[in-house]
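Notes to accompany the following structure.
The values are calculated or read from the model by the stated rules, or taken from the named source; none is laboratory data. This is a predicted model, so every value here is computed, not measured. Every residue, glycine among them, receives a Cβ derived from its backbone with ideal geometry; neighbour counts consider all protein chains shown. Surface accessibility is based on the protein's heavy atoms, side chains included, excluding ligands, DNA and RNA. Shrake-Rupley method; radii C 1.70, N 1.55, O 1.52, S 1.80 Å.
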Amino acid sequence: MRTLGPAIKVGITVIVALVGAYWAFMMLAKGSCAGEKKQITLHAYFKDATLLVEKYRVQIAGLNVGYITARGLNVRPPRKELIEAKRFAKITLALVKPVTIYSNAVIYKRSASLLGDFYLEIDPGTYEWVDSKGKRHVGEKLKDGDELRFVREASTTTAVVEQVSDLMPVIKGLVKDIRKFTRGPLNS
């Protein structure tokens, strides 16, 4: 009977540690908003939704305000001005903190770490703004089910490699021109 006491203490300690680790994982890794009541649902269309996973965080100014609720493929263009694109990923997100999002809001796909984790950052927009032509616009508040129209996606490694590949012939031509100038006689 004497050896049963330490075994019970160890068992209780292990259970408490597992519950604490689970709680910490749910609050920190997936965002502290995951268990809160949903206030408003919005969606946005991305060309590349790689590593945007359900329950990942949505932030405004570095603070968690929501999380991703669903991902899906939308083959038809969501708007007339995007007619040239063929495929979009529709990302649905829930904002659980009471925030006001205007029609000129911008959603960014941001890299959370060097390991490839991504999250969404929202610039909530403003009530009034002036465009590049000097025309004044009045925004409206987005309601449940509305679309975040302005999407900015992070550059992927593949896109950077393609851009460097496109620049290589230009760089080679510049190097040849520099060699011609440096090999010839210098005029004073």
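Brief remarks on what is shown
- In terms of distances greater than 21 angstrom between alpha carbons, the cross-link table entries K97/K135; K97/K143; K90/K143; K90/K133; K55/K141 yield K97/K135; K90/K133; K55/K141.
- For I40, distant residues with modelled amide H under 5 Å away: L95
- Given R0 = 35 Å, the distance between the Cβ atoms of Q39 and N74 translates into a calculated FRET efficiency of 0.90.
- For the stretch 129-172, the solvent-accessible area of protein heavy atoms averages 82 Å² per residue (probe radius 1.4 Å; ligands and nucleic acids excluded).
- The gain in end-to-end length when the R110 to V19 segment is fully stretched comes to 29.7 nm, 0.36 nm per residue minus the alpha carbon separation.
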